[in-house]
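For reference, the structure is listed below as structure tokens.
The values are calculated or read from the model by the stated rules, or taken from the named source; none is laboratory data. Note that the structure is a prediction, hence the values are computed from the model and not measured. We place every Cβ from the backbone using ideal geometry, glycine too, and count neighbours over all the protein chains shown.
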Amino acid sequence: MRIYSDFDDVICETAQALSVLAKGMFGRDVPYENIEFFNLQKAFSLTDEEINRLMDRAHETDFLVALNPIPDAVSSVQALSAAGHEVVIVTGRQSLCHEGTSQWLRNHGLGHLEILYVDKYKRAPATLPAHVPKMLTIEELHELHFDIAIDDSPTALDLLMHRTQCHIIVFDRPWNRQYTGIPHLRRALTWQEILALDIIKT
Ligand SMILES: [Mg+2]
């Protein structure tokens, strides 16, 4: 099967690290479990200038490479690959983050995975340097086939709702607990739960 896996907060613990960063840079103390909104500017009550500074720091390679893996994510993705499934990283990160993203995957034994940068949030730069991968538009994403898709972002999940042949899994996070946009959605609290799903085992 061809499996779409988001990266931030599905494979690596990005929001936890951003919570620590926002506390260090701006004194905002919003523990991870209290992050109710996917919009971090809103979640951390940051000004426009503060969110820009936070995200500039969050896009730096050393910050990205240091992110912790989500428990069992790495071994689970390796197990899926070993079982013959094709796992594709479909991230809403800007492809300007490619160095940090690809290095993180290599460091964790996942360097074989294809990475697709998709403009899920419609904030791709108008032009990108020649040395970074292109970013796919939402329309280009719609052309791609996946049997399973795993994401945590309500906005990204909305982009998947028309896929009737795709099993859509929301990776449980504080900011998606109220999400009901897709009737046929499955919720997974852990990667172990994903591996145990009948659609993956068969
Ligand atoms: Mg995510």
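Using the structure shown, decide if Leu64 is over 25 Å from Glu143 (Cα atoms), at pLDDT 95 or above, within 16 Å of the ligand (Cβ to nearest atom) and not polar (S, T, N, Q). Answer is yes for this residue.
Taking the range 142-174 as the range and being part of a strand (DSSP E or B) and either within 13 Å of the ligand (Cβ to nearest atom) or touching a residue at least 60 places away in the same chain (Cβ under 8 Å) (or both) as the test, the residues that pass are Ile148, Ala149, Ile150, Asp151, Ile169, Val170, Phe171. In the range 84-92 there is at least one residue that is part of a loop (DSSP other than H, G, I, E, B) and surrounded by 14 or more Cβ atoms within 10 Å (Cβ to Cβ). Applying a threshold of 8 Å to beta carbon distances and a minimum spacing of six or more residues, or different chains, the list of pairs starting in the range 10-33 at a residue that is without any contact (Cβ under 8 Å) to a residue 12 or more places away in the chain and over 24 Å from Phe171 (Cα atoms) and ending at one that is among the hydrophobic types (A, V, I, L, M, F, W, C) and buried (at least 16 other Cβ atoms within 10 Å of the Cβ) reads Lys23/Val30. Report yes if some residue within the range 127-149 is closer than 23 Å to Pro71 by Cα and among the aliphatic types (A, V, I, L, M); otherwise report no. The answer is yes; a qualifying residue exists.
In the range 118-139, the condition of being crowded, with 18+ Cβ neighbours inside 10 Å, touching a helix residue (DSSP H, G or I) at 6+ places or on another chain (Cβ under 7 Å) and under 21 Å from Gln192 (Cβ atoms) is met by no residue.
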